[in-house]
């Protein structure tokens, strides 16, 4: 392993990024207010509000432990020459560059999975259990892990093999790698509602009745091409509630968590779905998809520079991680590490854009419902149900919130009534 400008820059950036996150976590905890915001007095009692703050504290402490463990393991593996050692080990098993690459990526993935598993168990069966969210049984958890690993192998290995082969054999490799990645991304979006999601949850068609009629009436009013309304057994794993829609073109499917159906009134549920329809009507989904595709093109272009065997930067990068041979499979991993600080910075702009979309979808729902009150009531109930942090620090919001804080959303909706 050779310390050079590239390696030192990555090391400093990773440590600085951790320190920023740690400081923001402390600021977020300090911002917890002992006084319940008046807006939520009708859905939070003193006990529930205190519980929500304790949930925020415990989640924050656990997040710090996770981040420390993640950074320590990465730096330790790097500093002992783990990346170079693993590359040499997998190359000793085969002379085939493609197979060696798949072995390398698979072992790294499995190592990361095994390290993350105890943390996932603790989060699910200790923290979520303590605060009454967890409904996952050990059997369900184990089944989810097996299914996730199988999906990762079935979907991830062919994609990884395709990328390794392209970067090792094709001119203008970054362009063709981007085309392959985009095609797989679109395929997964199409497969998810029909194949992948039903592997983990049961979806049942919503029964005929007033709620279904109200949803269909709202869809017609908004000219939303709704083809299916399902209720998902979200209570199988958690008491938390949500709703979403999937589908391409003129085939849109709405899925409601059963926990949401149980907690919300008919008008509140329709308002939540009007918000989701708002994302579709405001073209948010298409915008995000196009930006993601363009962003992946830029990333694959940069990846091509990082693994160029004749490039000075590539040589310095691989030397700094103690890897002798410049290769696509190691390059994928090193590029992910290299880009992670930049990704965090870009995430600030992405989250700001997403929060703006949420305000726009809220406004659309208020117009469609001809009142803001039903969506406000639904958001307040969701806050109490999910023990949301009602007073997050602005820095935490800027770094991590893809949705505006509930109080800001409600104030924006209230302003529409005046």
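Residue-level check: of (1) touching a helix residue (DSSP H, G or I) at 6+ places or on another chain (Cβ under 7 Å); (2) assigned to a loop (DSSP other than H, G, I, E, B), residue 207 misses just (1). Can you confirm whether residue 237 is farther than 30 Å from residue 329 by Cβ and free of Cβ contacts under 8 Å to residues at least 24 places away in the same chain? Here the answer is no, as residue 237 does not meet what is asked. Of the residues screened, residue 223 is not one that is surrounded by fewer than 12 Cβ atoms within 10 Å (Cβ to Cβ), out of contact with any strand residue (DSSP E or B) (no Cβ under 8 Å at 6 or more places or on another chain) and either assigned to a helix (DSSP H, G or I) or at pLDDT 90 or above (or both). Looking across 167, 77, one residue alone is part of a helix (DSSP H, G or I) and surrounded by 17 or more Cβ atoms within 10 Å (Cβ to Cβ). It is 167. Scanning the stretch 321-365 for residues that are more than 21 Å from residue 296 (Cβ to Cβ), surrounded by fewer than 15 Cβ atoms within 10 Å (Cβ to Cβ) and without any contact (Cβ under 8 Å) to a residue 24 or more places away in the chain returns a single hit, 356. Residues of the stretch 298-333 that are within 19 Å of residue 99 (Cα to Cα) and out of contact with any helix residue (DSSP H, G or I) (no Cβ under 6 Å at 6 or more places or on another chain): 324, 325, 327, 332, 333. Condition check for residue 370 on (1) within 28 Å of residue 263 (Cβ to Cβ); (2) without any contact (Cβ under 8 Å) to a residue 24 or more places away in the chain; (3) crowded, with 18+ Cβ neighbours inside 10 Å: one failure, at (3). If you scan the stretch 12-30, which residues turn out to be more than 23 Å from the chain's Cα centre (by Cα) and under 16 Å from residue 345 (Cα atoms)? Hit for the stretch 12-30 is 12, nothing else.
The single condition from (1) farther than 22 Å from residue 306 by Cα; (2) in contact with a helix residue (DSSP H, G or I) (Cβ under 8 Å, 6 or more places away or on another chain); (3) crowded, with 16+ Cβ neighbours inside 10 Å that residue 140 fails is (3).
Here is the figure for the stretch 296-319: residues that are part of a helix (DSSP H, G or I) and in contact (Cβ under 8 Å) with a residue 12 or more places away in the chain total 15.
The values are calculated or read from the model by the stated rules, or taken from the named source; none is laboratory data. This structure is a prediction, so every number in the text was calculated from the model and none was measured. A quick note on method: Cβ atoms are made from the backbone with ideal geometry, for glycine too, and the neighbour counts reach across all protein chains shown.
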